[in-house]
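Presented below is the structure to which this report refers.
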């Protein structure tokens with residue numbers, strides 16, 4: 001985190017953002033939450049030859065889906081990204097006004113997102129890569145679709161992988177079924 005980002009972080013805190021990583025040398029990570037909905041923002045501010053550029057990489061998520069995916073994997077929940085975008089502001093000097101403006105813009109974007117629609121979209125057949133497949137299992141569990149998960153379980157038990165990557169284990173499907181049954 002550079003000096004410009006450190007100063008910006010203090011302003012974001014006044015605007016009710018919570019800092020996730022303050023003492024590490026990484027970019028500043030901020031968050032907001034409202035019930036189940038959460039917003040993460042990675043702040044980057046760079047000094048260019050004639051101006052400063054501030055970028056916010058935003059990701060919207062659901063605490064429930066993050067917990068479910070953590071439980072499926074067997075690890076502590078982390079912020080799972082459902083939707084994302086990037087906002088930028090340029091100014092001779094990034095100050096209070098620019099930070100207030102980008103904060104408002106971020107919150108407007110966040111409030112306009114439909115997490116449930118994003119979760120439903122994840123129930124479509126997943127691509128052949130790891131994380132989207134895990135998100136797929138999480139979405140099925142979140143929505144209580146234990147029938148699809150049981151089908152996966154039975155096929156896995158026969159030694160077939162359904163194009164799932166090796167990181168997806170039968171135990172993960174078992175845990176997803178348990179969660180889906182609870183949520184159905």
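Given 77, 106, 141, which one is surrounded by 13 or more Cβ atoms within 10 Å (Cβ to Cβ), closer than 23 Å to residue 64 by Cα and touching a strand residue (DSSP E or B) at 6+ places or on another chain (Cβ under 9 Å)? Steps first, please.
Values: 77 fails: touching a strand residue (DSSP E or B) at 6+ places or on another chain (Cβ under 9 Å); 141 fails: touching a strand residue (DSSP E or B) at 6+ places or on another chain (Cβ under 9 Å).
On inspection, the qualifying residue turns out to be 106.
Name the single residue that is modelled with the lowest pLDDT among those in the stretch 63-88 being in contact with a helix residue (DSSP H, G or I) (Cβ under 7 Å, 6 or more places away or on another chain) and farther than 19 Å from residue 172 by Cβ.
This residue is 79.
Just checking, does the stretch 38-58 include any residue being modelled with pLDDT of 95 or more, under 15 Å from the mean Cα position of the chain (by Cα) and not in a strand (DSSP E or B)?
no
Against the conditions (1) out of contact with any helix residue (DSSP H, G or I) (no Cβ under 8 Å at 6 or more places or on another chain); (2) surrounded by fewer than 17 Cβ atoms within 10 Å (Cβ to Cβ); (3) under 22 Å from residue 133 (Cα atoms), where does residue 59 fall short? Just the number, please.
It fails just one condition, (2).
What's the total number of residues in the stretch 59-77 that are under 21 Å from residue 182 (Cα atoms), under 14 Å from the mean Cα position of the chain (by Cα) and free of Cβ contacts under 8 Å to residues at least 40 places away in the same chain?
Here is the first cut: in the stretch 59-77, the residues under 21 Å from residue 182 (Cα atoms) are 62-77.
With under 14 Å from the mean Cα position of the chain (by Cα) added as a condition, the list becomes 62-70, 77.
Okay, now just the ones that are also free of Cβ contacts under 8 Å to residues at least 40 places away in the same chain, so 63, 66-67, 70, 77.
Residues flagged as under 21 Å from residue 182 (Cα atoms), under 14 Å from the mean Cα position of the chain (by Cα) and free of Cβ contacts under 8 Å to residues at least 40 places away in the same chain within the stretch 59-77 amount to 5.
Would you check which residues across the stretch 157-174 are closer than 17 Å to residue 74 by Cβ and surrounded by fewer than 19 Cβ atoms within 10 Å (Cβ to Cβ) and list them? Steps first, please.
As a first pass, look at the stretch 157-174 and keep what is closer than 17 Å to residue 74 by Cβ: 164-174.
Passing the criteria: 165, 166, 167, 169, 170, 171, 174.
Determine, yes or no, whether residue 106 is outside the structural domain of residue 70 (by TED's automatic domain parsing), part of a helix (DSSP H, G or I) and within 22 Å of the chain's Cα centre (by Cα). Outline the logic, then answer.
On the way: outside the structural domain of residue 70 (by TED's automatic domain parsing): no; part of a helix (DSSP H, G or I): yes; within 22 Å of the chain's Cα centre (by Cα): yes.
Judged against the criteria, residue 106 is not a match.
Please enumerate the residues belonging to the stretch 4-30 that are in contact with a strand residue (DSSP E or B) (Cβ under 8 Å, 6 or more places away or on another chain) and closer than 17 Å to residue 108 by Cβ. Don't jump to the end; show me each part of the working.
Taking the stretch 4-30 as the starting set, the residues that turn out to be in contact with a strand residue (DSSP E or B) (Cβ under 8 Å, 6 or more places away or on another chain) are 4-6, 8-9, 12-13, 16-22, 27-30.
Within the stretch 4-30, 12, 16, 17, 30 qualify.
The values are calculated or read from the model by the stated rules, or taken from the named source; none is laboratory data. None of these values were measured; they are calculated from a predicted model. Positions of Cβ are backbone-derived with ideal geometry, glycine not excepted, and every protein chain shown enters the neighbour counts.
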